[in-house]
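Enquirer: Input: one structure, supplied below.
The values are calculated or read from the model by the stated rules, or taken from the named source; none is laboratory data. These numbers come from a predicted model, not from an experiment. Glycine gets a Cβ as well: all are built from the backbone with ideal geometry, and neighbour counts include every protein chain shown. Accessible surface areas use protein heavy atoms only, side chains included; no ligands, DNA or RNA. Shrake-Rupley method; radii C 1.70, N 1.55, O 1.52, S 1.80 Å.
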Amino acid sequence: MTPTLLPGDSEVGEIQEYGIDWEDYDDDGIRNHDNDVNTTDSDDQAQNPFFTHQPQHLSYIRVPETYSPLSHQQVEHLDNYLADHLDSGSQSMDRQRSFWVDALTFCMEMFNISYL
């Protein structure tokens, strides 16, 4: 089954292009910088795969409030619809895409928008 492209969609192409940039991964300058700024305090921590580096200073990032075209009630209605959707936890990209197309269709129906 081939998914239908919506306006603004594009073909994914080679999925490998969305993975690791192996050229940058092999770049000694980048790797050395990463190793310098992501050090651990002890050998025990270095061997612990669940340890994460805790920075001493955190940056404050102000995120402005955004406009939502949905009211609080509409968001709850959408949340309930999506919670009952069986494909929401799927790892399949086709099913994830179908899930989002269904969600878009549901929202368009809330606003009585016809899609040609």
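Enquirer: Mind listing whichever residues of the stretch 31-63 are hydroxyl-bearing (Ser, Thr, Tyr) and either open to solvent by 80 Å² or more (accessible area, probe 1.4 Å) or modelled with pLDDT of 85 or more (or both)?
Expert: Once the filter is applied, which keeps residues that are hydroxyl-bearing (Ser, Thr, Tyr) and either open to solvent by 80 Å² or more (accessible area, probe 1.4 Å) or modelled with pLDDT of 85 or more (or both), the stretch 31-63 yields Thr52, Ser59, Tyr60.
Enquirer: I'd like the full set of residues that are at pLDDT below 80 and open to solvent by 50 Å² or more (accessible area, probe 1.4 Å), limited to the stretch 86-109.
Expert: Correct list: Leu86, Ser88, Gly89, Gln91.
Enquirer: Just wondering, is there one or more residues in the stretch 21-28 that are modelled with pLDDT under 70, touching a helix residue (DSSP H, G or I) at 6+ places or on another chain (Cβ under 8 Å), over 30 Å from Thr105 (Cβ atoms) and open to solvent by less than 100 Å² (accessible area, probe 1.4 Å)?
Expert: Within the stretch 21-28, not a single residue is modelled with pLDDT under 70, touching a helix residue (DSSP H, G or I) at 6+ places or on another chain (Cβ under 8 Å), over 30 Å from Thr105 (Cβ atoms) and open to solvent by less than 100 Å² (accessible area, probe 1.4 Å).
Enquirer: Check off (1) at pLDDT 85 or above; (2) polar (S, T, N, Q); (3) within 30 Å of Asn112 (Cα to Cα); (4) in a helix (DSSP H, G or I) for Thr66 and give me the number that stays unchecked.
Expert: Failed condition: (4).
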